[in-house]
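I have placed the structure first, in the form of structure tokens, so that the comments after it can refer back to it.
What follows is calculated from the coordinates using simple rules that are stated; it is not laboratory data. Computed from a prediction, not measured in an experiment: that's the story for all the values here. Neighbour counts are summed over all protein chains in view; Cβ atoms, including those assigned to glycine, are modelled from backbone coordinates with ideal geometry.
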Amino acid sequence: MGKKILVILGHPSSNSFCGALAERYAQSALRAGHEVRQLFLGQLDFDPVLREGYQQIQPLEADLRQAQADVLWAEHLTLVYPIWWGGIPALLKGFFDRVFLPGFAFKYREGKAFPDKLLHGRTAHLLVTMDTPPWYYRWVYRMPGLHQIRKTTLAFCGIEPRRTLTFGPILGSSAGQREAWLLRAQAIAGR
């Protein structure tokens, strides 16, 4: 039986190489018998700024209420995003700030140092593009945009990152190289 997979495109443009990765992954997952939903953050109507932090409730826009429903529906999330300035795009960060809220993604309890992980039981893949050579991003920069998502966002909420694929440098890559990267994303989607 197939999994319920939510593919989240964290690049503002669906016409980007990230958009192509998300589409190839989704199509491959569908062919493998999985149920797939897609969220293109650049097409959602929401304020990415958590205006008052957690001090005051900021009502969720309709697109964010649907995004929460999609996250709860999913057994597996696939995040597709670029590395910009060493980290994740502001749009993706704003999405997490607004959607992965206390009471939805995690819950602190009095007397406990760490919160309950309310999204426990889900898994994730990360498909990440960059213009920096991935080896340099790993060994010199120490992968802050990967650690942020894997450890301090997903794992914090109970989502287990299973596989991370990095693609780059995108700048100056050939059509053949990009097709090879698309095939790598396609291959893990069918599992």
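Computed over region 148-191, the convex hull of the alpha-carbon atoms projects to a mean area of 3.9 nm². Stretched out straight at 0.36 nm per residue, the stretch from Arg142 to Asn15 would grow longer than its current Cα-Cα span by 42.8 nm. The residues neighbouring Gly2, those whose beta-carbon lies less than 13 Å from its own, together hold a net charge of +3 under the Lys/Arg +1, Asp/Glu -1 convention. Of the DSSP H helices in the chain, those with a Cα length along their own long axis of 18 Å or more and a mean Kyte-Doolittle hydropathy reaching -0.5 comprise 17-31, 175-189. Rounded to the nearest 20, the size of the Cβ-charge dipole of the chain about its Cα centre is 700 debye, with Lys and Arg at +1 and Asp and Glu at -1.
Out of all DSSP beta bridges in region 79-191, what portion is antiparallel? Express it as a percent rounded to 5.
Bridges in region 79-191 that DSSP calls antiparallel: roughly 20 percent.
Across the chain, the volume of the C-alpha convex hull divided among the residues equals 121 Å³ per residue.
Summing charges over all other residues whose Cβ lies under 11 Å from the Cβ of Ala187, with Lys and Arg as +1 and Asp and Glu as -1, gives +4. Go through Ala32, Tyr141, Thr129 and say which Cα lies farthest out towards the positive end of the charge dipole of region 4-189; charges sit on Cβ, +1 for Lys and Arg, -1 for Asp and Glu. Positive-end residue among those listed: Tyr141.
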